[in-house]
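Scroll down for the structure; my scribbles are underneath it.
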Amino acid sequence: MGTVEPQVASGQDVKMASSGQIVANAQSQEATDGFHLVIDALKLNGIDTIFGLPGIPITDFTRMAQAAGLRVISFRHEQNAGYAASIAGFLTQKPGICLTVSAPGFLNGLTALANATTNCFPMILISGSSEREIVDLQQGDYEEMDQLAIAKPLCKAAFRVLHAEDIGVGIARAIRAAVSGRPGGVYLDLPAKLFAQTMDAEAGKKSLIKVVDPAPKQIPGADAVKRAVDLLKGAKKPLIVLGKGAAYAQADADIRALVEKTGIPYLPMSMAKGLLPDTHEQSAAAARSYVLPEADVVMLIGARLNWLLSHGKGKTWGGKDHKDWGGQKFIQVDISPQEADSNVRIDAPVVGDIGSCVSALLASIGSSWPKPPAEWLTAIAERKNKNIAKMAETLAKNPTPMNFHSALNVVRDIVKANPDALLVNEGANALDFTRSIVDMYQPRKRLDVGTWGVMGIGMGFAVAAAVVSKQPVIAIEGDSAFGFSGMEVETLCRYNLPVCVVVFNNNGVYRGTDVNPTGGPDVAPTVFVKGARYDKLIEAFGGVGAHATTPAELRKAMEEAVRSRKPTLINAVIDETAGTESGRITSLNPTSGKKK
Ligand SMILES: Cc1ncc(C[n+]2csc(CCOP(=O)(O)OP(=O)(O)O)c2C)c(N)n1
Ligand SMILES: [Mg+2]
């Protein structure tokens, strides 16, 4: 975080204290107010960007923040501003700030705050709120709502500041709560009256806190590290799983060194792709369904055993039924001591921040670690090569209309040629196929629907990715997924961001082929207007629209978008019969037990 040294304001009384220090007279002539104290507190802590949407009581705040040199990115809906803030937090390890108005604006931002907490992204939702005494007596104020109470169960911490002199503490507490330990979402409630409060400028300055060491290192115990290394040493079929916590940690070189020095095959979770290039010979991603049930010792690094890893049990892991444990032993490297045993027994928990844990593990394995048994590596390589060859065949086909594979073959090439670009991805089939087909080459380049599989992150993530990284952004969007945040294409154009949105248009949710069983005039619930031209949407705001019906057209449009850095939306027409229900998680749909 940046440093701003406290300075003595000009035009105020200064005297020498008996200690010889210069101290300001307790009553300088200048005054400050709640608006400026919040801005100064954020700047003092290295915050340089606010994602938000203006209105009572924070409109002037957005103006003053911009005037004070903060970048204020205004959105068309708070949820998108919230998603932007959360992913900015993930990318920078600083809390992303989302600013909203009261009640409805706050609620719009709240989904993103809850999503940030679930995904361990550091974020602070700052919402203006209305008169405390009217809210508390439920007398019907403008946008009346007890926001603090509503936010509390959905975030890691929630605070309210009532007095200008407490703003420094309020911001400091919010920052610490967001980034320390397991990062998450924090709510900060700032009532309208607070912004207008004035206080002596010098006293105000002194009340601010520059947070020292906001995310302190947590060093794992030596015994825990030894227990883990001993377990790994005895493994015949070891496997490493890298989660998005490992990506967040920014311990890229050590993580790569640990994987390479041990020679252990690894699986990257979706947002950990690129920590090591997906083309790395130790990647077992193309043999996932073989390595999970076969492995005997699994080391999870910043990956939780939630539904995305089938809770560490069941058929995915070689168990007989969905609750049956496959018999693997687990090492879990995680910042939270409560994570272990959440689903299955963890034989060797290593608790600490990922950077400290990985460096301790590295030191402990030394330089003469024996590679895993050759049979294990050969068996994986065989499956992997077979699956990769099969995929290459599918990708090479050129069906009409274009399908997910032929379109993603293009995206895969474009990402390969532009490894600095960030890839945002949401949808069902549009998500699953992209994740498995498009290789990533650098850490923290793939941003997607995360733990909840939430639709709507697309344009918020794309805006923040471009703003924070200054790199080109490619957003691969299902047509349904895109609709959740589609109006933000205006935001892309307004800030002239180098974002290339590709809408995989298959006329609906999962597919465009469902029919209304009654034969009535309404289309089926999963079907959209057929042949829609999403590209026209961005043209309304001066962006570049393109319509692609073949891989060649898609390639040309994507190459041009990345080269020109102009906000672009490509409507990629995809065979409406090509998708499957819910993509790869069809089995999570409940089916009635009722006999027909
Ligand atoms: C907020 C939210 N609402 C609804 C869903 C359910 N859902 C999952 S994927 C999806 C859309 C899938 O369609 P599309 O984005 O067009 O992808 P496709 O499979 O057609 O490529 C929906 C609505 C969700 N995950 N999140
Ligand atoms: Mg679709």
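The values are calculated or read from the model by the stated rules, or taken from the named source; none is laboratory data. Nothing here was measured: the structure is a model prediction, and the numbers come from that model. FYI the Cβ positions are ideal-geometry reconstructions off the backbone, even for glycines, and counts take in every protein chain you see. Ligands, DNA and RNA are stripped out before the accessible areas are found, and what is left, the full protein with its side chains, is counted by its heavy atoms. Shrake-Rupley method; radii C 1.70, N 1.55, O 1.52, S 1.80 Å.
Remarks
- Residue satisfying condition, being in contact with a strand residue (DSSP E or B) (Cβ under 9 Å, 6 or more places away or on another chain) and open to solvent by 40 Å² or more (accessible area, probe 1.4 Å), within set Lys210, Lys205: Lys205
- Scope the stretch 442-466; condition open to solvent by less than 10 Å² (accessible area, probe 1.4 Å) and part of a helix (DSSP H, G or I); matching residues: Gly458, Met459, Gly460, Phe461, Ala462, Val463, Ala464, Ala465, Ala466
- Residue ID - farthest from ligand 1 (Cβ to nearest atom), chosen from residues in the stretch 428-441 that are open to solvent by 10 Å² or more (accessible area, probe 1.4 Å) and not in a helix (DSSP H, G or I): Tyr441
- The residue that is nearest to ligand 1 (Cβ to nearest atom), among those in the stretch 544-581 that are under 28 Å from the mean Cα position of the chain (by Cα) and assigned to a loop (DSSP other than H, G, I, E, B), is Gly579.
- Residue match in the stretch 65-79 (condition: over 24 Å from Phe484 (Cβ atoms), in a loop (DSSP other than H, G, I, E, B) and out of contact with any Ser or Thr (no Cβ under 7 Å at 6 or more places or on another chain)): yes
- Considered as a group, the residues in the stretch 527-543 that are under 27 Å from Leu395 (Cβ atoms) and within 27 Å of the chain's Cα centre (by Cα) include one that is farthest from ligand 1 (Cβ to nearest atom), and that residue is Asp535.
- Matching entry among Arg76, Arg63 (being over 14 Å from Ala465 (Cα atoms), without any contact (Cβ under 8 Å) to a residue 12 or more places away in the chain and open to solvent by 10 Å² or more (accessible area, probe 1.4 Å)): Arg63
- Flag for Lys397 being surrounded by fewer than 20 Cβ atoms within 10 Å (Cβ to Cβ) and of a type outside the set (A, V, I, L, M, F, W, C): yes
- If you go through the stretch 282-311 and keep only what is free of Cβ contacts under 8 Å to residues at least 24 places away in the same chain and of a type in the set (D, E, K, R), you end up with just Arg288.
- Here Ala481, Ala532 are screened, and the one residue that is more than 22 Å from Leu70 (Cβ to Cβ), within 16 Å of ligand 2 (Cβ to nearest atom) and not in a helix (DSSP H, G or I) is Ala532.
- The condition (being open to solvent by 10 Å² or more (accessible area, probe 1.4 Å) and away from ligand 1 (no atom under 16 Å from the Cβ)) is satisfied by just one residue among Gly519, Gly483: Gly519.
To keep it simple, each residue is scored yes or no on (1) within 12 Å of ligand 2 (Cβ to nearest atom); (2) touching a residue at least 40 places away in the same chain (Cβ under 8 Å); (3) open to solvent by 10 Å² or more (accessible area, probe 1.4 Å).
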residue: Val468; (1), (2), (3): no, yes, yes
residue: Pro472; (1), (2), (3): no, yes, yes
residue: Ala475; (1), (2), (3): no, yes, no
residue: Met487; (1), (2), (3): no, yes, yes
residue: Thr491; (1), (2), (3): no, yes, no
residue: Arg494; (1), (2), (3): no, yes, yes
residue: Gly508; (1), (2), (3): yes, yes, no
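- Of the numbered criteria (1) within 13 Å of ligand 1 (Cβ to nearest atom); (2) buried (at least 18 other Cβ atoms within 10 Å of the Cβ); (3) within 22 Å of Asp448 (Cα to Cα), the one Arg584 fails is (2).
- Filtered residue count, the stretch 275-307, keeping only those that are open to solvent by 50 Å² or more (accessible area, probe 1.4 Å) and more than 28 Å from Phe121 (Cα to Cα): 3
- Residue match in the stretch 372-387 (condition: free of Cβ contacts under 8 Å to residues at least 60 places away in the same chain and either open to solvent by less than 10 Å² (accessible area, probe 1.4 Å) or in contact with a helix residue (DSSP H, G or I) (Cβ under 6 Å, 6 or more places away or on another chain) (or both)): no
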